[in-house]
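Novice: The structure under discussion is supplied below as structure tokens; questions concerning it will follow.
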């Protein structure tokens, strides 16, 4: 049983792994609610946060309500896998965790400025929203087929998702809404900067790589003499595939998803499943 679970986890992509982790931590939160909220949710008080600085990221894995968890994980599954069609695993991690980080900062600033008290923050919505807005900005006219509704363009779904947070700003305890919108703004800015060739999240990736070396065993490789040949063989099959994806995306941006041929739609679908 444990071996099967481990196999499923190891074969999952990064979006699916985060889903599994969140689901497991939800069960732990249900069992140890008071302890988990006290030590891992993000407090509204800046003074209390200073004593628990890890909560600026750990809150993103704390869900108290099942519907809150379910909505985040459903979006993360469908939108996260679509995101991974166009961006790397490391870029996904940058968007997700920096979305949580920026959302937490917006949450703290809100309560510091207003001087109000509220409930501690928990949930992955800021990171999920950053992913959602980013891919909707990248391919706004990409259409998803929804059961009983039909095809809906991605920008429409993202707008509805963000609008739900906008409406919550009027609530007395509007900290979570501020966190979600902070993640949305970050996702939009980040993807626009990537389009200009500027990776504003590279610093976070470098930090993760640095800490990863602490847990990676360093083994000495025996010296091998390498003989260089003059001829180099090119085996990069990803270039033509990415070129075709970019051409299809350009077509979607100009004429919409429905302008694609069946072959182009099938190709994009298969690319999204890998």
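Novice: Can you tell me how much longer the chain between residue 117 and residue 261 gets when fully stretched, taken as 0.36 nm per residue apart minus their C-alpha distance, in nm with one decimal? Numbers along the way, then the final one.
Specialist: Values: separation 144, 0.36 × 144 = 51.84 nm, distance 5.43 nm.
Length gained, residue 117 through residue 261: 46.4 nm.
Novice: Per 0.36 nm of contour for each residue apart, how much would the distance between residue 52 and residue 9 grow if the chain were fully extended, relative to their Cα-Cα spacing?
Specialist: 12.5 nm
Novice: Return the calculated 222 nm mean residue ellipticity for the chain, to the nearest 500 deg cm²/dmol, obtained by summing -39500 (n - 2.57) across DSSP H runs with n ≥ 4 and dividing by the residue count.
Specialist: On the way: 13 runs with 183 residues, N = 274.
Rounded to the nearest 500, it is -21500 deg cm²/dmol.
Novice: Another question, if that's okay. What's the FRET efficiency of residue 192 with residue 1 using the Cβ-Cβ distance as r and R₀ = 51 Å, to the nearest 0.05?
Specialist: 0.65
Novice: Short version: what are the Cα gyration tensor semi-axes of the chain, square root of 5 times each eigenvalue, largest first, in whole Å?
Specialist: Values: eigenvalues 231, 146, 70 Å².
Gyration-tensor ellipsoid for the chain: 34, 27, 19 Å.
Novice: Here's something else I'd like to know. Give me the percent of Cα-Cα pairs in the range 1-65 that sit more than 13 Å apart, rounded to a whole number. Could the numbers behind the result be given before it?
Specialist: Numbers: 1395 of 2080 pairs.
Percentage above 13 Å: 67.
Novice: Let me ask something else about it. In whole Å, what are the extents of the range 96-197 along the principal axes defined by its C-alpha atoms, from largest to smallest?
Specialist: Result for the range 96-197: principal-axis Cα extents of 44, 38, 18 Å.
Novice: Next question. Using the beta-carbon distance between residue 251 and residue 212 and R0 = 41 Å, what value does 1/(1 + (r/R0)^6) give for FRET efficiency, to the nearest 0.05?
Specialist: For residue 251 and residue 212, the calculated efficiency is 0.60.
Novice: Can I ask one more? If I model a spin label at residue 17 and residue 39 as a point 7 Å from the Cα along the Cα→Cβ vector, what separation in nanometres do I get?
Specialist: So the label points at residue 17 and residue 39 sit 2.5 nm apart.
Novice: Taking Cα pairs under 8 Å and at least six residues apart, what relative contact order does the chain come out at, in percent?
Specialist: 19
Novice: Using only the alpha-carbon atoms, what does the range 100-144 span along each of its principal axes? Please give whole angstrom values in decreasing order.
Specialist: 42, 18, 15
Novice: In degrees from 0 to 90, rounded to the nearest 10, what is the angle of the helix 202-212 Cα long axis to the longest principal axis of the chain?
Specialist: 90
Novice: Right, something else. Calculate the FRET efficiency for residue 65 and residue 90 from the Cβ-Cβ distance with a Förster distance of 30 Å, rounded to the nearest 0.05.
Specialist: That pair, residue 65 with residue 90, gives E of 0.45.
All of the numbers you see were taken from the coordinates with simple rules; none came from a lab. This is a predicted model, so every value here is computed, not measured. With ideal geometry, Cβ positions are generated from the backbone for all residues, glycine too; neighbour counts draw on all protein chains shown.
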